[in-house]
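*Asks:* Questions regarding the structure given below will be posed in turn.
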Amino acid sequence: MSAQIAFIGGGNMAASLIGGLLKAGHPPARLAVAEPLAERARWLKDSYGIRVAAAAGEIAPSADVVVLAVKPQQMREALAGLRLQAGCVVVSIAAGIQLASLARWLGDEVHLIRTMPNTPALLGAGISGLYAPPSVPPQARQLAEYVLGAAGTCVWIASEDLIDAVTAVSGSGPAYFFLLTEVMREAGVRLGLDADVAARLALQTFIGTAKMAEDGAARGIDVAQLRANVTSKGGTTEAAVRHLENAGLRAIFADALQAAAERGRELGALLAKES
């Protein structure tokens, strides 16, 4: 695919997508990024060999795809006065910015798509939830999936308000796993393990288990079955799992994800009001 792709904002997520696109064979000459910070701009140019501009107006008007990768609070200013060609595919990875706001700023001649990636995209192992209104044609959806797919897996969701659920599950999800790794490490130390040993055991357990889950999914085995497979009746694992269940782990996580989704809606409403 030889689409001209312009990134507005050159932060970590944009860099991960750029790196993924180049690795997939996208021509460097067909990529550009607008980054006002001089030091960051130099790093992007030196690292990826693509065109780097100080302002979006220098690269976006001729692009087939524009990826909005600036902070939500900076979005309106970044798009001020910007005019894109009709039919341009605009992909927003900015949390909380609703499509209605983007339509007011960019007009109705562009195809707007909203997405929520997550930080494993920095390693090419991310997942992104995408939403496009029914009016967006299949070709535009394919372009958006091509860009986001450069850093991991893509899933489409049925309505824009479900972006908050995506945020709660996968957008914020890496923090939950980091927290659990911390908890297991600390518990190992309390049980008498050396801190370094406990840390290695906890981390590698998560890495290995993730690979088992991925392999199981490829073979059609649900994670609940995988859990059952390693939970011998009357054994140590069953004792720990029973304790977690009795302590209300499922309800705790359900409430935590509900809190994340509600906060996402609050931030989105606030940003919409300010725009």
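One line per residue, one yes/no per condition, for (1) under 23 Å from Ala158 (Cβ atoms); (2) without any contact (Cβ under 8 Å) to a residue 60 or more places away in the chain:
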site	(1), (2)
Gly57	no, yes
Ala60	no, yes
Lys71	no, no
Gly87	no, yes
Val90	yes, yes
Ile93	yes, no
Ser101	yes, no
Asp108	yes, yes
Thr115	yes, yes
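*Asks:* Has the stretch 197-209 got at least one residue that is over 26 Å from Ala224 (Cβ atoms), touching a helix residue (DSSP H, G or I) at 6+ places or on another chain (Cβ under 8 Å), part of a helix (DSSP H, G or I) and in the same structural domain as Gln74 (by TED's automatic domain parsing)?
*Replies:* The answer is no; no qualifying residue exists.
*Asks:* A follow-up question, please. Is it true that Gly81 is closer than 29 Å to Pro27 by Cα, surrounded by fewer than 21 Cβ atoms within 10 Å (Cβ to Cβ) and touching a strand residue (DSSP E or B) at 6+ places or on another chain (Cβ under 9 Å)?
*Replies:* In short, no.
*Asks:* Taking the stated definitions as given, is Pro36 farther than 17 Å from Ser128 by Cβ, in a loop (DSSP other than H, G, I, E, B) and modelled with pLDDT under 95?
*Replies:* When the stated conditions are applied, Pro36 passes them.
*Asks:* Could I ask something else about it? Under 8 Å between Cβ atoms, which residue pairs at least 6 apart in sequence (or on different chains) link something in the stretch 170-181 that is in a helix (DSSP H, G or I) with a partner that is of a type in the set (Ser, Thr, Tyr)?
*Replies:* As it stands, the answer is Pro174/Thr119, since those pairs meet every condition given.
*Asks:* Then there is this: Examine the stretch 20-41 for a residue that is touching a Ser or Thr at 6+ places or on another chain (Cβ under 9 Å), touching a residue at least 60 places away in the same chain (Cβ under 8 Å) and surrounded by 13 or more Cβ atoms within 10 Å (Cβ to Cβ), and state whether such a residue exists.
*Replies:* Checked against the condition, which is being touching a Ser or Thr at 6+ places or on another chain (Cβ under 9 Å), touching a residue at least 60 places away in the same chain (Cβ under 8 Å) and surrounded by 13 or more Cβ atoms within 10 Å (Cβ to Cβ), the stretch 20-41 yields at least one hit.
*Asks:* Check the stretch 126-141 and report whether any residue there is farther than 17 Å from Leu112 by Cβ and either exposed (fewer than 12 other Cβ atoms within 10 Å of the Cβ) or under 13 Å from the mean Cα position of the chain (by Cα) (or both).
*Replies:* yes
*Asks:* Is the stretch 212-224 home to any residue that is assigned to a loop (DSSP other than H, G, I, E, B) and under 22 Å from Tyr176 (Cα atoms)?
*Replies:* Yes, the conditions are met somewhere in the stretch 212-224.
*Asks:* From the residues in the stretch 84-120 that are modelled with pLDDT under 90 and surrounded by fewer than 19 Cβ atoms within 10 Å (Cβ to Cβ), which one is farthest from the chain's Cα centre (by Cα)?
*Replies:* Asp108
The values are calculated or read from the model by the stated rules, or taken from the named source; none is laboratory data. Remember, predicted model here, so these are calculated numbers, not experimental data. Neighbour counts are summed over all protein chains in view; Cβ atoms, including those assigned to glycine, are modelled from backbone coordinates with ideal geometry.
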